[in-house]
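Input: a single structure, listed below in structure tokens.
The values are calculated or read from the model by the stated rules, or taken from the named source; none is laboratory data. As the structure is a prediction and not an experimental result, all values here were calculated from the model. Cβ placement follows ideal geometry from the backbone for every residue including glycine, while neighbour counts extend to all protein chains displayed.
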Amino acid sequence: MAKQRIISEVDNIEDARKVEETVKTGYAEPLAESLLNWMGVEEDLASSYEALARKPEYASSRELFARLAAESRKNVTALSAARDVIEGLDADRVKRIDLLKKLQS
């Protein structure tokens with residue numbers, strides 16, 4: 001089964017530049033921002049679990065809360081790495097857009 005095209009055939013430099021800019025603004029930038037927001041949520045969760053672990057009423061669940069906090073901290077590290085990759089792809093996209101602009105000049 002052949003993959004169906006998502007965009008029509010790019011027939012000129014202007015169309016190529018527009019698609020590259022759409023990828024940047026429609027995919028790369030929102031994805032990087034979403035990852036940053038998710039990292040914030042995971043950091044907040046880690047802090048909350050650590051605070052819960054310190055409460056006397058949850059003494060029997062301290063180990064569980066510590067594990068959940070550690071998992072959230074691990075998620076922050078993984079999300080940060082994913083964001084670094086997306087930002088690298090975005091930087092490459094900017095270079096592609098600049099090259100296409102130079103071709104149009």
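For Glu43, the conditions (1) within 25 Å of the chain's Cα centre (by Cα); (2) exposed (fewer than 15 other Cβ atoms within 10 Å of the Cβ); (3) not small (Gly, Ala, Ser) are fulfilled apart from (2). From the list Glu87, Glu33, Glu9, the lone residue that is within 30 Å of Ser105 (Cβ to Cβ) and at pLDDT 95 or above is Glu87. One residue alone among Glu14, Glu50, Glu20 is part of a helix (DSSP H, G or I), in contact (Cβ under 8 Å) with a residue 24 or more places away in the chain and in contact with a helix residue (DSSP H, G or I) (Cβ under 6 Å, 6 or more places away or on another chain), and that residue is Glu20.
Of all residues in the stretch 76-105, none satisfies the criterion of being surrounded by 11 or more Cβ atoms within 10 Å (Cβ to Cβ) and assigned to a loop (DSSP other than H, G, I, E, B). Evaluate the following for Arg67: is it part of a helix (DSSP H, G or I) and either touching a residue at least 60 places away in the same chain (Cβ under 8 Å) or in contact with a His (Cβ under 7 Å, 6 or more places away or on another chain) (or both)? For Arg67, the condition - part of a helix (DSSP H, G or I) and either touching a residue at least 60 places away in the same chain (Cβ under 8 Å) or in contact with a His (Cβ under 7 Å, 6 or more places away or on another chain) (or both) - is not met.
Every residue, every condition in (1) among the small types (Gly, Ala, Ser); (2) over 12 Å from the mean Cα position of the chain (by Cα), yes or no:
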site: Ala2; (1), (2): yes, yes
site: Glu21; (1), (2): no, yes
site: Leu36; (1), (2): no, no
site: Ala66; (1), (2): yes, yes
site: Val76; (1), (2): no, no
site: Asp84; (1), (2): no, no
site: Glu87; (1), (2): no, no
site: Leu100; (1), (2): no, yes
